[in-house]
1. What's the extension gain from residue 76 to residue 102 if we count 0.36 nm per residue and subtract their Cα-Cα distance?
2. Nearest 0.05, what FRET efficiency do residue 90 and residue 23 give at R0 = 35 Å with Cβ-Cβ as r?
3. Report the gain in length on full extension from residue 110 to residue 58: 0.36 nm times residue separation, minus Cα-Cα distance, nm rounded to one decimal.
4. Among rounded, prolate and oblate, which fits the stretch 62-114 when a ≥ b ≥ c are the square roots of the eigenvalues of its C-alpha gyration tensor, a/c under 1.5 means rounded, and a/b larger than b/c means prolate?
5. Once you put a point 7 Å from the Cα of residue 14 and another 7 Å from the Cα of residue 40, both along the Cβ direction, what distance in nm separates them?
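What follows draws every value from the coordinates through simple rules; no lab data is involved. Just so we're clear, the structure is a prediction, and the values are computed from it rather than from any experiment. Backbone-built Cβ (ideal geometry, glycine too); neighbour counts: all protein chains shown.
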């Protein structure tokens with residue numbers, strides 16, 4: 001199962017989302033609230049700015065990938081939130097799949113679970 005649908009894709013979001021709540025819906029909502037709060041504080045503003053600065057391709061791609069994998073957000077929803085076209089979100093997701101930074105992902109887990 002992936003996002004409630006039959007799929008060969010196996011994604012374990014329980015560890016990450018479990019830090020927010022033992023109930024899946026509440027955990028997703030809490031994670032999204034956590035991310036929104038960080039954005040309000042100014043964290044990540046550069047990820048939302050228009051432009052194609054090369055130094056932000058990898059961080060944006062990682063954000064897109066992790067938001068889809070850990071939170072189950074759709075490309076349409078991510079496009080709306082990041083002010084990007086859905087096709088760009090798909091390209092960022094695909095790029096990050098081939099260039100995953102698993103060490104940074106592990107660091108994010110540590111930071112998000114403190």
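1. Values: separation 26, 0.36 × 26 = 9.36 nm, distance 2.51 nm.
So the chain would gain 6.8 nm between residue 76 and residue 102.
2. In this case the efficiency is close to 0.70.
3. Working: separation 52, 0.36 × 52 = 18.72 nm, distance 1.99 nm.
Extra length available between residue 110 and residue 58 comes to 16.7 nm.
4. Since a/c reaches 1.5 but b/c is at least a/b, the shape of the stretch 62-114 is classed as oblate.
5. Spacing of the two 7 Å Cα→Cβ label points: 3.2 nm.
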